[in-house]
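Encoded as structure tokens, the structure appears first; notes follow it.
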Amino acid sequence: MGLSSLKLLKYVLFFFNLIFWFCGCCILGFGIYLLIHNNFGVLFHNLPSLTLGNVLVIVGSIIMVVAFLGCMGSIKENKCLLMSFFVLLLIILLSEVTLAILLFVYEQKLNDYVAEGLTDSIQQYYSDNSTKAAWDSIQSFLQCCGVNGTSDWTGSPPASCPSDPQVKVLGMSFALTLNCQIDKTSQVLGL
């Protein structure tokens, strides 16, 4: 490669990693905002730390660190930082492939686990205000009622259930959302 091609590659790598770093900052900031103003509560009482805010903080931090290594490694032409950047991208790629395979292999178990966890949280709807707020928000936004329909609610369904609910499986919605987020994370990291 010529010297001008290497300079172009250097600045392109710097520019794209700078954009990813800013995206990581935004994701981290939004995650911190959600942690401070937690309006959604906890739906999975078996995993209370599995909240959107926590996930966004972790993902945003990882993106920021990886993008910082790419920025500094390219602009300073530091071989150690560039190799660290490469190794972290490789680890992320291998982790995503492994996660995709595990999700494919254990899809039914995961769906059952999510449905069971959500059904358990329905039982705490009237006793826990954060769970009530989370279910009300989700049911209003998705225009659904419960996990499998109005039959999930003992007695009459809450007021947040639409009058003509669409039959949706909420666990499948969460799995689809997680899948989309994994794809978006891959695109942000340039994989």
Given the peptides 13-24, 117-128, 150-161, arrange them by the average over their residues of other C-beta atoms within 10 Å, most packed first.
13-24, 117-128, 150-161
Highest mean packing first, using Cβ neighbours within 10 angstrom, the peptides 80-88, 44-52, 132-140 sort as 132-140, 80-88, 44-52
Can you work out ³J(HN,Hα) from phi for every residue in the range 53-60, in order, using Karplus 6.51 cos²θ - 1.76 cosθ + 1.60 and θ = phi - 60°, giving whole Hz and x for Gly and Pro?
x, 5, 4, 5, 5, 5, 5, x
Tell me the net charge near Leu82. Cut-off is 12 Å between Cβ atoms, Leu82 excluded, with +1 for each Lys or Arg and -1 for each Asp or Glu.
+2
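Read-outs: derived from the displayed coordinates by stated rules, not from any lab. None of the values given here were measured: they were computed from a predicted structure. Cβ: placed from backbone, ideal geometry, glycine included. Neighbour counts: every protein chain shown.
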